[in-house]
1. Would you tally the residues in the stretch A:126-161 being aliphatic (A, V, I, L, M), in a helix (DSSP H, G or I) and closer than 18 Å to residue A:95 by Cα?
2. Let me spell it out: the conditions are (1) assigned to a loop (DSSP other than H, G, I, E, B); (2) under 15 Å from the mean Cα position of the chain (by Cα), and residue A:123 meets all of them except one. Which number is the exception?
3. Which is within 30 Å of residue A:49 (Cα to Cα), in a helix (DSSP H, G or I) and facing another protein chain (nearest Cβ under 7 Å), of B:73, B:93, B:85?
4. Of the numbered conditions (1) surrounded by fewer than 24 Cβ atoms within 10 Å (Cβ to Cβ); (2) at pLDDT 90 or above; (3) farther than 26 Å from residue A:134 by Cα, residue A:41 fails exactly one; give the number of that condition.
5. Here are A:172, A:136, A:100, A:143: which of them is facing chain B (nearest Cβ under 7 Å), under 19 Å from the mean Cα position of the chain (by Cα) and on the phi < 0 side of the Ramachandran plot?
6. Within the bounds of the stretch B:51-62, is there any residue that is more than 7 Å from chain A (Cβ to nearest Cβ) and touching a residue at least 12 places away in the same chain (Cβ under 8 Å)?
7. Is it true that residue A:82 is part of a helix (DSSP H, G or I) and closer than 12 Å to residue B:20 by Cα?
8. Any chance the stretch A:3-12 includes a residue that's in contact with a helix residue (DSSP H, G or I) (Cβ under 7 Å, 6 or more places away or on another chain), in a helix (DSSP H, G or I) and within 26 Å of residue A:177 (Cβ to Cβ)?
Amino acid sequence: MSVSNGVSAPAAEWRAGIMAIMPAAIAVVPFGLLLGAAAASKGLSPLEVGLMGGLVFAGSSQFVAVDLWTHPAPWLALGFAALLINLRHVLMSASISSKFGSFAPWQKTLAVFVLADEIWAVAERRALSQPLTPAFYFATGVFLYVNWLVWTVLGTVLGAAMGDPKAMGFDFAFTAIFIGLVVGFWQGRRTGFVIAASAIVAAIVEKAVEGPWYVLAGALAGIAVAAIMAPAEKAA
Amino acid sequence: MTVTLANLLAILAMAAATYATRVSGLFIADRIPKSGRARAALDALPAAVLTAVIAPTAVATGPAETIAAGITVLAAFRLPLLATVVVGVVAVVVLRLLLGS
């Protein structure tokens, strides 16, 4: 099952995909190690951590799950927590699927399997400047996927010997990546209002409501502002 | 190198829930209008979601994180992504030291 089947997959697209996802791949290294170490302390084996990373591939929900993990594993609660935390992916997938024009149906089905935040953001950014190709998309997906498996499993094997990523400022790396990506979506003053609405509502809801609801609340506030500000006669 | 049944069940439940969120967008996308307010909302989605994910850390954690976020924004308008991340991380480490947080 080569992703180049039927679709031209120029090496340049693969290289561009790997270069685009590289900052995120580097930034997740300490988090992968930390997640593995935390899972080991909860009694999960390296194989189980590898299975989780390989089948779920959603970092924030994996952190929450490991935090909630008890024995025997509360599968219903863990599944529901993953559903809540990953609800934002419904919106992301709806948005990116309109850029999957050159993807075969099976490629779309496989593509959304690796639709982690970073891959989605990089793909949306790419689609602003040129058509999104399967080669570019799967380069980012495969690279980040393998990278994530390697570091989380290694973290499980190495155990708790690692320090606190906060001491080195690594916890801020994702914030910095996402700021960089948001700026890439800048299309004038209207984007500023969208960002302001999203930031204010997300920050307030995060303080007021337990759980990951702030992401949905902030996102909805942002797109509501975009809808309100849209020129009524916009037809193109 | 063992997998217990309960752990496997939990991992499969998480995987099913996560894939369900990711695949469902493919089915609602066909009903998305090509223009108008709904289209404008969808076009704003990437920036809105990314902002919402980071806003609590960026603006409501403490002065070190908020100032570092501001510096990162300035860097992001001028530098490539990897350089922006380095600037942001160095800024937050220095500011946490200076501000004692």
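1. Kept after step one, since they are aliphatic (A, V, I, L, M), are these residues of the stretch A:126-161: A:127-128, A:132, A:135, A:139, A:142, A:144, A:146, A:149-150, A:153-154, A:157-158, A:160-161.
Narrowing the set further to residues that are in a helix (DSSP H, G or I) leaves A:127-128, A:135, A:139, A:142, A:144, A:146, A:149-150, A:153-154, A:157-158, A:160-161.
Among the residues that remain, those that are also closer than 18 Å to residue A:95 by Cα are: A:127-128.
Number of matching residues: 2.
2. (1)
3. On the way: B:73 fails: within 30 Å of residue A:49 (Cα to Cα); B:93 fails: within 30 Å of residue A:49 (Cα to Cα).
One residue alone meets the criteria, B:85.
4. The number of the failed condition is (2).
5. Numbers: A:136 fails: facing chain B (nearest Cβ under 7 Å); A:100 fails: facing chain B (nearest Cβ under 7 Å); A:143 fails: facing chain B (nearest Cβ under 7 Å).
None of the other options fit; the residue is A:172.
6. Looking through the stretch B:51-62, at least one residue is more than 7 Å from chain A (Cβ to nearest Cβ) and touching a residue at least 12 places away in the same chain (Cβ under 8 Å).
7. Values: part of a helix (DSSP H, G or I): yes; closer than 12 Å to residue B:20 by Cα: yes.
Taking the combined requirement at face value, the residue satisfies it.
8. Scanning the stretch A:3-12, I find no residue that is in contact with a helix residue (DSSP H, G or I) (Cβ under 7 Å, 6 or more places away or on another chain), in a helix (DSSP H, G or I) and within 26 Å of residue A:177 (Cβ to Cβ), so the answer is no.
The values are calculated or read from the model by the stated rules, or taken from the named source; none is laboratory data. Remember, it's a predicted structure, so these values are computed and weren't measured experimentally. Neighbour counts run over all protein chains shown; Cβ positions are idealised from the backbone, glycine included.
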